[in-house]
Amino acid sequence: MTLSAHTGQEDLAGNGLENYVDLALCGHTHRYETDNEGDLYYAQFGAYNERIGHITLTYDLSTRSVSNTSISAISKSQVENSVIAPDSEISSIVNSYNEECREEA
């Protein structure tokens, strides 16, 4: 189970969450940090789209628990450098909707 909380790890640690939650996605402090407290993993990927997080939880059906956790992140600049030129047809559709929204406002 995953918990999304607008608080930092320090506010969640040590309160028994590990009995109910496998992963806590934190937010309030706007820091980039990953950590674990036993089987409970914490992740926070910064602020203002600085990073995109990638989390994999592998669930073992025989033990009915998470058997492996992997947490990584890529920076905004890595994403921007890997994106190919936008599709002109899709850009045209998006632009028309943006214009329509501006007219309604």
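The values are calculated or read from the model by the stated rules, or taken from the named source; none is laboratory data. Just so you know, these numbers come straight off a predicted model, no measurement behind them. As a convention, Cβ positions derive from the backbone with ideal geometry for all residues, glycine included, and neighbour counts pool all protein chains shown. Side chains are part of the model used for accessible areas, which takes the heavy atoms of the whole protein and leaves out ligands, DNA and RNA. Shrake-Rupley method; radii C 1.70, N 1.55, O 1.52, S 1.80 Å.
Is one or more of the residues making up the stretch 11-22 at pLDDT 85 or above and under 15 Å from the mean Cα position of the chain (by Cα)? Yes: the stretch 11-22 contains one or more residues that are at pLDDT 85 or above and under 15 Å from the mean Cα position of the chain (by Cα). Only one of the numbered conditions (1) closer than 24 Å to Asn68 by Cβ; (2) hydroxyl-bearing (Ser, Thr, Tyr); (3) open to solvent by 50 Å² or more (accessible area, probe 1.4 Å) is not met by Tyr42, and that is (3).
Annotation note: Cβ proximity below 9 Å between a residue of the stretch 76-105 that is under 23 Å from Ile52 (Cα atoms) and a residue that is assigned to a helix (DSSP H, G or I) and open to solvent by less than 100 Å² (accessible area, probe 1.4 Å) (sequence gap 6+ or interchain) occurs for Pro86/Val94.
Applying the set (1) part of a loop (DSSP other than H, G, I, E, B); (2) exposed (fewer than 10 other Cβ atoms within 10 Å of the Cβ) to Glu103 leaves exactly one unmet item: (1).
Look at Glu50 and say whether it is farther than 22 Å from Ser77 by Cβ, surrounded by fewer than 17 Cβ atoms within 10 Å (Cβ to Cβ) and at pLDDT below 90. Walk me through it before giving the result.
Working: farther than 22 Å from Ser77 by Cβ: no; surrounded by fewer than 17 Cβ atoms within 10 Å (Cβ to Cβ): yes; at pLDDT below 90: yes.
No, not satisfied.
Looking only at the stretch 20-28, decide whether some residue is open to solvent by less than 50 Å² (accessible area, probe 1.4 Å) and part of a strand (DSSP E or B). I'd like the intermediate steps shown before the answer.
Within the stretch 20-28, the first condition is being open to solvent by less than 50 Å² (accessible area, probe 1.4 Å), and the residues that meet it are 21-24, 26-27.
This time we only want the ones that are part of a strand (DSSP E or B), so: 23-24.
The answer is yes, given that some residue of the stretch 20-28 is open to solvent by less than 50 Å² (accessible area, probe 1.4 Å) and part of a strand (DSSP E or B).
Against the conditions (1) surrounded by 11 or more Cβ atoms within 10 Å (Cβ to Cβ); (2) of a type outside the set (Phe, Trp, Tyr); (3) at pLDDT below 90, Ile71 satisfies every one except (3).
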